[in-house]
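The values are calculated or read from the model by the stated rules, or taken from the named source; none is laboratory data. Computed from a prediction, not measured in an experiment: that's the story for all the values here. Cβ sites come from the backbone with ideal geometry, for glycine too, and all protein chains shown count toward neighbours. Just the protein is used for accessible areas: all its heavy atoms, side chains included, with ligands, DNA and RNA removed. Shrake-Rupley method; radii C 1.70, N 1.55, O 1.52, S 1.80 Å.
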Amino acid sequence: QVQLVESGGGLVQPGGSLRLSCEVSGYIFSISAMEWYRQAPGNQRELVARTDSSGSTNYMDSVKGRFTISRDSAKNAVYLQMNSLKPEDTAVYYCHVVEWVLAIDRYDHWGQGTQVTVSS
């Protein structure tokens, strides 16, 4: 069973920074994309950032210029550097990995979530 272990969440003041990490354990055939989602109470889960096998990255508009997603393929890890944090960034952040097996079967793996709270 593939497991995603997240870390790096916590309480930070507005304008501060946090670095989230997600490490993939267990056997995995091929990672096509690694993503970060977030969900605040009462809101739907939304895609924050993604990176694919080509190295391209995408961000939701509200975090552009502040967040950076990066990937360490050798370690099967993905990171989210969050700078200039705002109270509206407060949410549970989830790591998501898309696995393709023989280009036929898709598997979605989710981390347990890590709480990020931005408050004075």
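Here are a few things to note about the model shown:
- Charge dipole magnitude, Cβ of K and R +1, D and E -1 - segment 11-53, Cα centre, debye nearest 20: 120
- Gyration tensor verdict on segment 29-73 (Cα atoms; rounded if a/c is under 1.5, prolate if a/b is larger than b/c, oblate otherwise): oblate
- Highest-fluctuation residue, 26, 42, 65 considered, GNM on the chain with Cα pairs under 10 Å: 42
- Stretch gain in nm, segment residue 3-residue 103, where the contour uses 0.36 nm per residue and the Cα spacing is subtracted: 33.9 nm
- Contour excess over end-to-end distance, with Cα ends at residue 46 and residue 117 and 0.36 nm allotted per residue: 23.9 nm
- Taken about its Cα centre, the chain carries a charge dipole of about 260 debye when Lys and Arg each add +1 at the Cβ and Asp and Glu each add -1 at the Cβ.
- Of 99, 88, 35, the residue with the greatest mean-square motion in the GNM of the chain, using alpha carbon springs below 10 Å, is 88.
- Residue 119 sits with roughly 60 Å² accessible to a 1.4 Å probe, with DNA, RNA and ligands left out of the calculation.
- When the chymotrypsin sites (Phe, Trp or Tyr not before Pro) in segment 1-96 are filtered for DSSP coil states and for at most 15 other beta-carbon atoms within 10 Å of their beta-carbon, the remaining sites are 27, 29.
- Dipole of the chain, positive direction: furthest Cα of 9, 110, 39, with charges on the beta-carbon: 9
- Histogram of C-alpha separations across the chain, 10 Å bin width, %: 14, 48, 29, 8, 1
- Note on the chain: GNM, Cα springs under 10 Å; of 40, 91, 103, the largest mean-square fluctuation is that of 103.
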